[in-house]
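First up is the structure itself, then whatever we jot down about it.
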Amino acid sequence: MAGRGGNDVGGTPAGYRAALDEAWRKLASIPPETAALLTGAGLGIPGQVALEYFGRTVRISWPVQGREGAPGRMESLFPLTGADQVVLLHYLAASPSDSASRPETDWISFRQLWGGAVYWDAFQRRVIAPLVALFGSDPDLLHEACREVFGQATREAGFGTASTIVQALPNVALAYVLWAGDSEVPPSGTVLFAGRANDWLPTEDLVHLACVPVQAWKSFVLRREREQRP
């Protein structure tokens, strides 16, 4: 899928057009070499960076300003929603003031993110409840789903009954944690964020980022159930 900054993005809901236009404008003010250095993206042909998004490559061609300007372009071999595109552009335009302010392994809860309490209900509804519904009765299935869907972009975390770390972006990792239930306590789950997540993305973007694996795992589980039917 390809999206052009400043123009209608094919297949993108109208609600994302303004956000995409603004994100492309901000990105145009940053040299691609600087963005790549700060964010861990790779440099491609002049004016283009290659960014790993959940272990898959998205190529972003920089918008060119001025009379001979050209819109930015985003290309990938897999579908990107409007929300995906906004997150990627926000990430590339991030400029953390102190890249060593907090170690990546310092995990924090969603409520510790900026404005986490404001988005808590949406986060519970869109991420935690579906996560527990998918894997609460069989936490170990989480590991199988991770290997099948994201491969090398995941690693085990060592939390709870079952857990996995998903590398969403070069500097943004998420830890999905499940606890098995018993006769008295229902299964539960949570998602932890690498401590510097808000240096790279606003909390609203992190909600979407946390949704991406859950939706992919849901598709995997449904496909697995169909294949196991007699």
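Just checking, which of PHE150, PHE159 is under 24 Å from LEU201 (Cβ atoms), more than 15 Å from the chain's Cα centre (by Cα) and of a type in the set (Phe, Trp, Tyr)? Can you show your working first?
Numbers: PHE150 fails: more than 15 Å from the chain's Cα centre (by Cα).
The unique qualifying residue is PHE159.
Between VAL207, VAL212, VAL221, the distinction of being touching a Phe, Trp or Tyr at 6+ places or on another chain (Cβ under 6 Å), in contact (Cβ under 8 Å) with a residue 60 or more places away in the chain and among the β-branched types (Val, Ile, Thr) belongs to VAL207 only.
Of the residues ARG196, ARG223, which is assigned by TED's automatic domain parsing to the domain that holds PRO139 and more than 18 Å from the chain's Cα centre (by Cα)? Break it down into steps so the answer makes sense when it comes.
Values: ARG196 fails: more than 18 Å from the chain's Cα centre (by Cα).
After applying the criteria, what remains is ARG223.
Any residue at all in the range 41-50 that's surrounded by 15 or more Cβ atoms within 10 Å (Cβ to Cβ), under 22 Å from ALA210 (Cβ atoms) and either modelled with pLDDT of 95 or more or not acidic (Asp, Glu) (or both)? Scanning the range 41-50 turns up at least one residue that is surrounded by 15 or more Cβ atoms within 10 Å (Cβ to Cβ), under 22 Å from ALA210 (Cβ atoms) and either modelled with pLDDT of 95 or more or not acidic (Asp, Glu) (or both). Selection over the range 121-159 of residues that are touching a Phe, Trp or Tyr at 6+ places or on another chain (Cβ under 7 Å) and buried (at least 17 other Cβ atoms within 10 Å of the Cβ) gives a count of 9.
Yes/no per residue for (1) at pLDDT below 95; (2) outside the structural domain of TRP217 (by TED's automatic domain parsing); (3) not in a helix (DSSP H, G or I):
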| position | (1), (2), (3) |
| --- | --- |
| LEU20 | yes, yes, no |
| ILE30 | yes, yes, yes |
| ARG67 | yes, yes, yes |
| PHE78 | yes, yes, yes |
| LEU88 | no, yes, no |
| GLN124 | no, no, no |
| VAL127 | no, no, no |
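The values are calculated or read from the model by the stated rules, or taken from the named source; none is laboratory data. Every value quoted in this text rests on a predicted model; they were computed, and no experiment measured them. Reconstructed Cβ throughout: ideal geometry from the backbone, glycine too, with neighbour counts over all protein chains shown.
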